[in-house]
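The values are calculated or read from the model by the stated rules, or taken from the named source; none is laboratory data. Given the structure is predicted, the values throughout are model-derived calculations rather than measurements. Here Cβ is always computed from backbone atoms with ideal geometry, including for glycine, and neighbour counts include all displayed protein chains. For the accessible areas, the whole protein counts, side chains as well, though only heavy atoms, and no ligand, DNA or RNA atoms are used. Shrake-Rupley method; radii C 1.70, N 1.55, O 1.52, S 1.80 Å.
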Amino acid sequence: QVQLVEAGGGLVQAGGSLRLSCAASGSALSVRAIGWYRQAPGKQRELVAGISANDRTDYKDSVKDRFTISRDNDKNTVYLQMNSLKPEDTAVYFCNTGGYFSASGQYRSGQYWGQGTQVTVSS
């Protein structure tokens, strides 16, 4: 059983930065593909970024050049560095594992989800 715990959310002004973390227990993230998702009120959950077991990355177009996904295998943690934040980035952010990368290079979600962390960007 894999358990994921997100942290690092908060309230930030537009243009600011946050770094989210996703710490895992029960499995080594180093051999897993990981995805960061977000869900805004009244909207569907959407993929923001993914990283494969061999560190291939994929990003939603609207966050490319602003967000960076990375992993620290020693800490069994995956990060999402978010810069130049915009009000439209406001959402609950979730990490996911147990999925895979498709042939087109996009992360497909698996069965393990964290509880989420709230990110609020004020204008």
Of every hundred units of 1.4 Å-probe accessible area on the range 31-123, the number belonging to carbon and sulfur atoms, as a percent, is 42 percent
Loop trypsin sites (Lys or Arg not before Pro), the range 1-91, which have at most 14 other Cβ atoms in a 10 Å radius of their Cβ (DSSP): Lys43, Arg56, Lys64, Lys75
Of the options Thr97, Val121, Met82, report the single residue whose Cα projects farthest towards the positive end of the charge dipole of the chain (beta-carbon charges: Lys, Arg +1; Asp, Glu -1). Thr97
Can you put Val48, Val5, Val92, Val31 in order of accessible area, largest first, using a 1.4 Å probe? Val31, Val5, Val92, Val48
Within the chain: Cβ-based charge dipole about Cα centre, in debye rounded to nearest 20 (Lys, Arg +1; Asp, Glu -1): 120 debye
Where Cα atoms sit under 21 Å apart: lysine pairs in the chain separated by 8 or more or lying on different chains: 5
Hull shadow area, averaged, the chain [alpha-carbon convex hull, nm²]: 7.0 nm²
For the chain, with every protein chain kept in place, what is the accessible area per residue (1.4 Å probe, Å²)? 51 Å²
Separation of the range 63-108 and the range 1-21 by C-alpha centroid, Å? 10 Å
